[in-house]
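Asks: Questions regarding the structure given below will be posed in turn.
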Amino acid sequence: MARKAILALLTAFFAFAGAPARAQDAVAQFYKGKEVKAYIGSTPGGGYDSYSRLLARYMGKYIPGNPTIVPVNMPGAGSNRLAAYMYSVAPKDATEFALIFPGAVLDPLIGTQQVQDDPSKFVYLGSANVEIFTCFVRADAPVKTFLDARKTQVLMAASAAGGSSRDMPALDNNLLGTKFRVVSGYPGSREMNLAIEQGEVHGACGIGLSSIEIQYPDWATGDKIRILAQESNKGNAILDAKGIPLTYSYAKSDEDRKIMELAYSQEVFGRPFILPPGVPADRVAALRKAFLATLDDKELLADAQTQRLDIAPISGEEVQALVGKVYSFPSSIVEKTKQALIYKDPQ
């Protein structure tokens, strides 16, 4: 009996030990010779586009079976168009993943537009970095500080409702008393920054620092723009050293601070890469592992440094937990945050 028990235990042990290898072999067999689409919720040339294309160049070698990764742009509605596609249309076999705006993760919870997806049900591969939103203007704008914008109107470029470039100035106006007048409809940060450069508008809020550094590196180091504030409750070390204030520091009450904390939680998502709900668990595990390995690749990191892309990855499990936490905020704060993000023309 003892011998039979030992044999049974050994058989079970080797079967268990071999399970990961078999799972990896199954994933490799599935991906071998395949093409995987990496959708991007913005127009070409911006920060999100740059991060996605960088990942696509290297990730194939870390996925079992080494599929070819093909970037595809699908802009629209603050990347909610892409989120809806991933939720309802994309195949659930892990042959398509996407990078959406962090604001699209929060839209069904606190957004002002109707959406066709539930971000709490997406599978998160991870995030490439933690973003810091900025509020900035041209050097010749009629305001010199964030507090000046409480007295003087400024024209700010924005994408659609649900995008951070529209949500953040709305939040500032409603909670902090600024007079940002938003000009909506720009497809992405590339077009917004071009409008700022050409003088169509004075500036923009809710724009990631990395997007500025990628497209207009001389803006970040020169004197063409003035960063009025960091749209965050936790500052960036470089901007902190320059004495650029946090909008969070201007909050008038504890309740306002909680509202801002919820609105700013999208920054922690940074640049979230997602899969549709229902993807097989073995492929999710393989892609999450490949995601982190890719963002630790020496060649990728050197490439990222050349492009001024900040790489500070967050695992898929961590992002999934953060999304779950956000969706458990008290309903009273959720409702007040939703109201605070409704833009009202200061005129």
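Asks: Collect residues whose amide H, placed 1.01 Å from N in the peptide plane, falls under 5 Å from the amide H of Val183; neighbours closer than 5 in sequence don't count.
Replies: Met156, Ala157, Ala158
Asks: Note the angle between two axes, namely the Cα long axis of helix 331-340 and the longest principal axis of the Cα atoms of the chain, as a number of degrees from 0 to 90, rounded to the nearest 10.
Replies: 50 degrees
Asks: Lys34 to Lys234: FRET efficiency via 1/(1 + (r/R0)^6), r the Cβ-Cβ distance, R0 51 Å, to the nearest 0.05?
Replies: Given R0 = 51 Å and the Cβ-Cβ separation, E is 0.80.
Asks: Where in region 75-94 does the label zone of Thr68 land, with the point 7 angstrom along Cα→C-beta and an amide N cut-off under 12 Å?
Replies: Zone members listed by number: none at all.
Asks: If you don't mind, another one. Give, in nm to one decimal, the length gained when the segment between Asp345 and Leu292 is fully stretched (0.36 nm per residue of separation minus the Cα-Cα distance).
Replies: Taking Asp345 through Leu292 to full extension adds about 14.8 nm, to one decimal.
Asks: Over region 248-335, calculate the relative contact order: mean separation of alpha carbon pairs under 8 Å at least 6 apart, over the residue count, as a percent.
Replies: Relative contact order here is 40 percent.
Asks: Give the lysines whose C-alpha is closer than 25 Å to that of Lys242, dropping any in the same chain fewer than 8 places away, or say none.
Replies: Cross-link targets: Lys144, Lys151, Lys179, Lys224, Lys234, Lys252.
Asks: Between Leu301 and Asp25, what length in nm is gained on full extension when 0.36 nm per residue of separation is reduced by their alpha carbon distance?
Replies: 96.5 nm
Asks: Let me have the relative contact order for region 112-179, percent, based on Cα pairs under 8 Å that are six or more residues apart.
Replies: 30 percent
Asks: So if each residue of separation counts as 0.36 nm, and I subtract the Cα-Cα distance between Gln198 and Lys144, what length gain in nm does that give?
Replies: Extra length available between Gln198 and Lys144 comes to 17.5 nm.
Asks: To continue, here is another question. Using the Cα gyration tensor of region 198-347, with a ≥ b ≥ c the square roots of its eigenvalues, what is the shape: rounded (a/c below 1.5), prolate (a/b larger than b/c) or oblate (neither)?
Replies: In terms of gyration-tensor shape, oblate.
Asks: Which order do the peptides 258-267, 327-336, 82-91 take when ranked by the mean count of other beta-carbon atoms within 10 Å per residue, highest first?
Replies: Put in order of decreasing packing, that is 258-267, 82-91, 327-336.
No lab work stands behind these numbers, since they all come straight from the coordinates. Note that this is a predicted model, so its numbers are computed, not measured. Cβ sites come from the backbone with ideal geometry, for glycine too, and all protein chains shown count toward neighbours.
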